Structure formats: C-alpha cells, structure tokens
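Peer 1: Mind having a look at this structure? Questions to follow.
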Amino acid sequence: MAAERHFQLHPEYTDDDGNFFAVDTSGQFYLLSDTAPTDDRVDVSELSDGMRMLAIEDDEVVADLVLSDDLGPDEVPIVDGF
C-alpha cells in the first residue's frame with residue numbers, strides 16, 4: 001500500500017473549470033479535479049477558515065484526481081493562508 005498523501009485546498013481557489021488548486025505537505029502545487037472533495041475514496045477534514053485537508057491512501061485515486069502536478073507558484077492564485 002502506498003503512503004497516504006495529503007493535499008490542502010480552499011473551496012474558493014479554483015480555475016475557470018471549477019478544479020481546485022491545492023498544495024501537498026512538501027509544498028508542491030497541484031490542480032485537483034472538481035470532484036476531489038466529494039469523492040468517497042478521499043478522507044476530508046475541515047481546517048480553519050474554510051481550508052480542507054484531503055487524505056488519499058491509494059495511488060490510483062491520486063492519479064484519478066490530480067489533473068496537474070507541475071504547477072509553479074506563479075500559476076497558483078496565492079492568497080492569505082494558502
């Protein structure tokens with residue numbers, strides 16, 4: 001089994017298609033599918049100020065939900081708390 005992956009996102013930080021900008025515990029930025037927070041295979045925890053932590057244990061689920069894993073900080077709308 002793969003190591004659990006964690007992604008932090010805020011429901012307001014989306015692209016034009018409703019997909020979520022997220023950051024993992026290493027500081028890498030991602031674009032996650034708009035279905036990620038509601039996917040039954042994902043454990044979602046509420047953090048402060050609307051932030052959510054998504055925990056995913058299965059690499060296949062990560063592959064299904066990660067649309068882009070090579071975003072630079074200049075491609076992500078940086079706002080307070082993200």
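The values are calculated or read from the model by the stated rules, or taken from the named source; none is laboratory data. Everything numeric here is computed off the predicted structure, so don't read it as measured data. All Cβ positions, glycine included, derive from the backbone under ideal geometry; neighbour counts span all protein chains shown. Calculation scope for accessible area: heavy atoms of the full protein, side chains included, ligands and nucleic acids excluded. Shrake-Rupley method; radii C 1.70, N 1.55, O 1.52, S 1.80 Å.
Peer 1: Once phi is turned into θ = phi - 60°, what whole-Hz ³J(HN,Hα) does the Karplus curve with 6.51, -1.76 and 1.60 give for every residue of the range 54-63, x standing for Gly and Pro?
Peer 2: Computed from phi, the couplings for the range 54-63 are 9, 10, 10, 9, 9, 4, 5, 5, 4, 4 Hz.
Peer 1: At a Förster radius of 22 Å, what calculated FRET efficiency corresponds to the Cβ-Cβ distance of LEU71 and THR35, to the nearest 0.05?
Peer 2: The value I calculate is 0.75.
Peer 1: Something else: What relative contact order, as a whole-number percentage, does the chain give when Cα pairs under 8 Å and 6 or more residues apart are counted?
Peer 2: Contact order relative to length: 35 percent.
Peer 1: How large a share of the accessible area of the chain, in percent, is made up of carbon and sulfur atoms when the probe is 1.4 Å and the other protein chains stay in place?
Peer 2: Of all accessible area on the chain, carbon and sulfur atoms account for 43 percent.
Peer 1: Looking at the chain, I'd like the Rg to Rh ratio, where Rg is from alpha-carbon atoms and Rh is Kirkwood's inverse mean 1/r.
Peer 2: Rg/Rh for the chain comes to 0.92.
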